[in-house]
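The values are calculated or read from the model by the stated rules, or taken from the named source; none is laboratory data. The structure presented is a predicted model; accordingly, all values stated were derived computationally and were not measured. When we count neighbours, we look across all protein chains shown, and the Cβ atoms used for this are built from the backbone with ideal geometry, even at glycine.
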Amino acid sequence: MSRTTIIVFIALGATLAGFTLATNASKLRGSEDAPAVSVAAGPQEADLEWREPYGPSGEQVVFTVGSLEVTQTGWRARVGVENASSIAWELDPSATPNGTFGLQLFTTGEPDELEERNKAGTLPAARAATLFVPELPTILEPKASWSGEMSARGALVANSWVRVVFGTLIAVGKPPEGLDEILVWITDNTYRLRP
């Protein structure tokens, strides 16, 4: 290999190294196009008093969210499910891929975001509750209800919008007209998490 060829290779190597260093330095400094850093929501409490019925009058399942609390180590919510229908419902969080009782975090509180992401199959992963007090019933009989606290460990992202997820509920027998056989409810109401 000639001396000129070696010098060209050394010059090319130095140029590539310089470009790589400059690119990495730019990344470390940050740029306007860089994604925002996620920040964990700080401790906070919200009295929500949400009540959302599903189904026609006289044949409804009613979902309630009384409050949400974010702690240093996780979250907890006071929630309830009332069976105001004529059939029983099996409560099985593992019955469907989207089924769980917990929270979902969205980038906006707009109803369109929920609808569009549901249609596109891009709903955010649920932050599943791991503890229920009292325990969820296996079957929720007609005219029966359950209310209590669900909670889980883990941080939530500040400035995201929380929706509460109730699912999966499976009809025991043929559901009345206007009710689906399998139900996963995501609240219409939202709450914005503070830093």
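With respect to A41, determine if the residue is modelled with pLDDT of 95 or more, in contact with a Phe, Trp or Tyr (Cβ under 9 Å, 6 or more places away or on another chain) and over 16 Å from T187 (Cα atoms). So A41 fits the description; yes.
The sole residue among A128, A120 that is free of Cβ contacts under 8 Å to residues at least 12 places away in the same chain and hydrophobic (A, V, I, L, M, F, W, C) is A120. Quick test for you: out of T96, T100, T64, pick the one residue that is β-branched (V, I, T), in contact (Cβ under 8 Å) with a residue 60 or more places away in the chain, assigned to a loop (DSSP other than H, G, I, E, B) and surrounded by 16 or more Cβ atoms within 10 Å (Cβ to Cβ). None of the others qualify; the one that does is T100.
Looking only at residues in segment 144-153 that are more than 15 Å from L169 (Cα to Cα) and not polar (S, T, N, Q), which one is farthest from the chain's Cα centre (by Cα)? So the residue we want is G148.
Would you confirm whether or not segment 176-192 contains a residue that is over 15 Å from V61 (Cα atoms) and modelled with pLDDT under 95? Scanning segment 176-192, I find no residue that is over 15 Å from V61 (Cα atoms) and modelled with pLDDT under 95, so the answer is no.
Residues in segment 40-55 that are surrounded by fewer than 13 Cβ atoms within 10 Å (Cβ to Cβ) and in a strand (DSSP E or B): 3 in all.
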